[in-house]
Structure formats: structure tokens, C-alpha cells
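The values are calculated or read from the model by the stated rules, or taken from the named source; none is laboratory data. The structure presented is a predicted model; accordingly, all values stated were derived computationally and were not measured. FYI the Cβ positions are ideal-geometry reconstructions off the backbone, even for glycines, and counts take in every protein chain you see. Accessible surface areas use protein heavy atoms only, side chains included; no ligands, DNA or RNA. Shrake-Rupley method; radii C 1.70, N 1.55, O 1.52, S 1.80 Å.
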Amino acid sequence: MAKSLTDKIIEEHLVEATDTEYALRIDQTLTQDATGTMAYLEFEAIGLDRVKTEVSVSYVDHNTLQTGFENADDHRFLQDVAARYGVFFSRPGNGICHQVHLERFGAPGKTLLGSDSHTPTGGGIGMLAIGAGGLDVAAAMAGMPFNIPKPKVVSIVLKSSLQPWVSAKDVILEILRRLTVKGGVGRIFEYSGPGVRSLSVPERATITNMGAELGATTSIFPSDEVTLAFLKAQGREKVFRPLAADKGARYDEIIEIDLGQLEPLAACPHSPDQVVSVRELSGRKVDQVLIGSCTNSSLKDLLMVAAVLKGKKVHPDTSLAIAPGSRQVLEMLSDDGSLKDIIAAGARILETACGPCIGMGQAPGTGGVSVRTFNRNFHGRSGTASAEVYLASPEVAVACALKGSFIDPRELGASPRVSIPDSFLIDDSMIIKPAAEPHPVEVRRGPNILPLPKRGPMEDTLTLTVLLKLSDNITTDDIMPAGSKILPLRSNIEAISRYVFSGIDPDFSEHAKAAGPGCILAGENYGQGSSREHAALAPMHLGIKAVFARSFARIHRSNLINFGILPIVIDNADYSSLAQGATITVKNIHKALSGASALEVFSVSTGTKLGCSLTLSGRESELMREGGLLNYLHKKVRG
Ligand code: MIC
Ligand code: SF4
């Protein structure tokens, strides 16, 4: 039978298939510092001596602003732990995990599991690359398969090629416009068609990166002569293998996009799917432009930006800042003089890291309009609650920086032509190899790195207060905000839990602790966005035992299960009738987890039975019974 590319890679890595799930062998893992400290604490708790994957890499790119001892201590812990357990360590300053992984480790046909939701960036080079919580990545490093719900495979057929000034960002913005931030849940997007050949690997990676904003499990491009050229230029052609779907492969859905018909687009505040054409925004004043992030910080992107800026000056009322995605990109910009053009135009050069994308500096002024080449513009994520953040391509962003207001870059005249070189500058000296002998390595822990909190055994009956009633599409940034003040607390759950839901209710954590066991009531797509398991761990610490939602985002649902929080789907009528402050009783939990009978949920005030369901796979029920994934793994690995 003709197979899709997704089917082929899944088949090669299949450990087990049930009616609802695939268990996949994981070849590579990546972690970043904001999720990595927990992931390695969890790996340590599993109790193995070395990772069992082909390649595991620990990156430092999120918490690079060192305003106190915490982040530097975390970096040192991560470096020690990498040496000790057989993990490559990419030093701070070497670049953003997804960009560096694509350049130096990505390989077609391999599976990659990363503790970051934008891990699907690797799909640009033909990997099956999936984002997950840190504990799932720790399990993969311990050699355990990773389970995904059987996905729908969607074919996106690309036709013709992009017009000048239109770029890969516009392709994914167009898909977000059509499908929304919920449109990819349970799906893998597989790209094909004659338009694929016209896109370089970094452009493909922009598209697969931002597929995360669709809620997709992942996105993938074929591995072809363009992939080979990229790998050759990185001195890594040895890992190349051609990969594509068979002719006549069947898909669950098919979407066609004529690249030649696309125009420059932008996502308006406060969601990546609020997409309009840049023409419609024309003339609106822009206070700040930021270029970078794992979506758009490749050499190609920044060569384009430099070419547009050459000989010109940034508008006096607009601040332009640029964070190259990797040291390789920065060094090459410096070597060919492009960096000089960028600096001379008045741009502010930032460290090669996530930086402002995760609220590490560059917060806009009050009510400021910021145009960013990033992938998320959730309310408050920039660090300024009143800011208006737009997402757009580097071409649109740089045009706005020159003009001081929104402008369709096609108004700038002929577009500069840039292409990626035949060979990149290769210097892996900032990637430290693991120690040959693990045992002598001492793992140093700063005072902010505290042991993992534990959840007791699963209760059979729970009486819970509804601590918050929320609407649709609540993000993990809403649940567990990031930014320069809160991110340094990622290794200290007690301290970070004070900020749970703080953007919605600054006193939430106090209320939650005072109320006793609690739950959250939410609409659809609860927990969209990042993979941060702190959005489950910290609520667990505050005594939250269940989330009742209309539906859940994939990674967050898994994180809730991993930490023993019940992800219960509630029907619309009961969602509407319940109010904040209500009390809910959940009965029969153990029987429901063993499949013997259904969960029983009642509203205490009215006595009525609520329309709720708890749908877990066999494995998920088992680990819930054990009190979460860590206890379950401990048992499995140690026997
Ligand atoms: C993000 O873009 O939201 C992050 C920060 O990279 C997160 C991970 C985290 O919260 O540490 C993600 O995307 O998973
Ligand atoms: Fe870093 Fe932003 Fe990418 Fe997250 S989305 S990995 S914060 S650059």
C-alpha cells in the first residue's frame, strides 16, 4: 500500500500500536534550560547511569539574562549533568536550541523528542520531531518509547513558488488563518507538491516550527536534493537519506496552497491565528520591531534583513533589535559584512538566544505596538500587558522598522536576492561532548535547585472547589507565566507556584492554598502553547487535582496526566451552568481508571450529575494509578 512519509517514519520506529496510540522509539532528544533542569532532575530520579538515545543535547538559550545567581547556577548544573549522563551540552551564546539542532544534529528519518513545543522545527529537515513535557523527554532518554495518539495525517500540497517579498512565514500564517490555533490538534501536517523544491531548509523549518501554533503533533517536509545541499553545506551529508511519500499515498485531509497567490501577512494581537494582510494595517504606527526567535533567525532571514537595511537608517521613532538564531549565523553575518550594515542602520544587536520572545528583555512601552518575527503573541508574553504584538516575516518587520509604521514591503521596490552559501562556517567548540567516564563527574547544584515535588497516591473521591472559570484557548503562558522575573524560578517549584495564573488573578496562589483541593474549569483547547510542565507541576503543588475543560491541547494534557492531575472533559451545558466558587465531587476514580465503570461527577450545591468523561489510554490509566509518570517509570526501569 502506498504510504505517507509520516507512516514510513512511524513504521520504522514503532514499538507498539494500540487502537488509539503509537509507542515510538526515540532516536534523539533535546532540552533547553527552562525545561531542562526539571527534565534532568527527573532523569536522575529514574536512576540510570547514561542516556540510551543515539543523540541527546542540552541547550542553554532561554534563561540567559543573569540578574541573580539562579540562571548561572542552572547552567552549571546542566553542564555537569550533561557530562555525567552522556548528553552534549550547547553553551549559552551558542544559539537557540531548534536553530542549532537543525544546523548541527538534525537528520532525515530520525525521531526527535524535545522539551520545547517548537521541536517540530526539525520537520524542516525530514525528521519526525515532537514537543513534549520534560518528564516525557527524561523517559525517552531512559530508553522508553514515546506515546502519541494515532494522528490524522494532513497533506499540504504546495504549488508554484513565492513572489518577491513574500516568505515562508506567510505560508504558515496563511495556514493559521485558515485553520486557527485549534485546527491542528491530533494532526500531523505533511508537506508535498512542486512548491516544496522552491523552499530552502530554513524556510521549511519556519513553517514546521510554527505548525506548533496550530496545536499540531508535528509537521514534516520530505528529504530531497534541497535537504542534501543544506546538509552538505553543514558538512553533514553523511546523515542524508532521501525520503518522501509514495505516489498515491492516502491522507485524512488535503489542503492546497498556491504559493504564488500569497501576500505579506501579519497575526494581530493576541493570537497567532488573527491573521490579516499587511496592506490592511498600512500606516499604523510601529514603536518596536524585533527580529529573531526559533521561527525566523536563520542566516537567510538575516541576510535578507541586512540587504534591506544596507545604506538606510531605522525610523527615529522605532526601535529595531535583532537576535541571530545561532553563533554560526552571527559569525557568518560578521564575516561577510552584513552585520556592519545592520549595526550602521541603527539596529540593536541582542544575544543569540530566545531573548524577548520569552519576555527576557525588550518589553515594549505602555500600549506599544511591536512587530516581531516570532511565533507567539499571547497577551502579556512580551512583558507589557498593554502592548500590542503583531507577528510577521523578517521582510515585513524590517520594512516597518524603516518606515516607522506598517508597510507592505512590496512598496519598497525590487526585493534584494539572497541565497544560502554552499558551505557554512563550522565550529562546534561551544558544544561540549559528554565525559568519557561518568562517575568522577560531580554535579553541582545551586541553592535554587530544589528536589522534585511528589504527588501522593491517587484518591478515590475528591471534593474540589472551582478556583477559576476560564474561556477557550487558555495558554500555558496564562497558567504559568514566563518572563525575566519568573523564569529563573523554574528549578524551584515552591517559589514559581506563587505566579500560577498571576496575570489573571494576582492572588490566585494564595486563594488556591486556602481553598484546599481545587480544580479549574475551562473552555476548549485548554493549555495551548508551550510544553512547560511547570504549568502542571506548579498547580499540582497548589493542590489542584483536576481540570474540567471542553477540550485539551496535546502536550498540556500529557503533562497533567504525568503529574497526576485528572484531565476531565465536561459537556457544554454543564460548563456553562457551573460558576467559579462552586464545589464538585468526583467519585469512583479508581474504578474509572481500571475501566470497570465510569467516573461519577456531581455538583455539590445542586446535587446534579455532571456530563463529564475521563478518556485515558491503558498506559495513561496505569500511570495515573501509580500517582504519575515518575513513580511509574521508577518501577519500570528499576523493576
Ligand atoms: C515558549 O516558546 O513558550 C517556550 C518558552 O519555548 C516553551 C518552553 C518553556 O516554557 O520553557 C515552549 O514552547 O515549549
Ligand atoms: Fe525560544 Fe521563543 Fe522559540 Fe520558545 S518560541 S524556543 S522562547 S525562541
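Descriptive notes on the structure:
- In this structure, the residue pairs whose Cα-Cα separation is over 20 Å, taken from LYS8/LYS232; LYS110/LYS182; LYS110/LYS238, are LYS8/LYS232; LYS110/LYS182.
- Rounded tilt (10° steps) of 394-403 against the dominant C-alpha axis of the chain: 60
- If you bin all the Cα-Cα distances of the range 501-639 at 10 Å, starting from zero, the percentages per bin are 11, 41, 38, 9, 1.
- Share of pairwise Cα separations in the range 208-284, more than 19 Å, in percent: 62
- Relative packing of peptides 313-319, 108-114 - highest average C-beta neighbours within 10 Å first: 108-114, 313-319
- Over the range 455-541, equivalent-ellipsoid semi-axes from the Cα gyration tensor in Å: 20, 16, 13
- Cα centroid separation, the range 250-287 to the range 122-166 (Å): 22
- The mean of 1/r over all distinct Cα pairs in the range 100-144, once inverted, gives the Kirkwood hydrodynamic radius of 10.5 Å.
- Whole-number D in µm² s⁻¹ for the chain, Kirkwood Cα-pair radius fed into Stokes-Einstein, 4 °C, 1.567 mPa s: 52
- Surface/4 of the Cα convex hull for the range 510-566, nm²: 3.5
- Of the beta bridges in the chain, as assigned by DSSP with both residues counted there, near 35 percent are antiparallel.
- Of all DSSP beta bridges confined to the range 493-635, the antiparallel ones make up roughly 40%.
- Mean projected area in nm² (Cα convex hull; one quarter of hull surface) for the range 113-181: 6.3
- Rounded accessible area per residue of the chain, 1.4 Å, Å²: 35
- log10 of Debye I(q)/I(0), alpha-carbon scatterers only, for the range 338-448 at 0.16, 0.17 Å⁻¹: -0.96, -1.02
- Highest-first arrangement of 96-105, 473-482, where packing means the average Cβ count within 10 Å: 96-105, 473-482
- Part-to-part distance (alpha-carbon centres) for the range 301-344 and the range 352-407, which is given in Å: 17
- Here the accessible area is traced with a 1.4 Å probe on the protein chains. For the chain, carbon and sulfur cover 50 percent of it.
- Cα-based helix-to-principal-axis angle, 33-46 vs the chain, degrees rounded to 10: 40
- Protection-proxy order for peptides 290-299, 211-220, 410-419, 445-454, each taking the mean of Cβ atoms within 10 Å per residue, highest first: 290-299, 211-220, 445-454, 410-419
- Sequence of VAL604, VAL154 when ordered by accessible area, the most exposed leading, probe 1.4 angstrom: VAL604, VAL154
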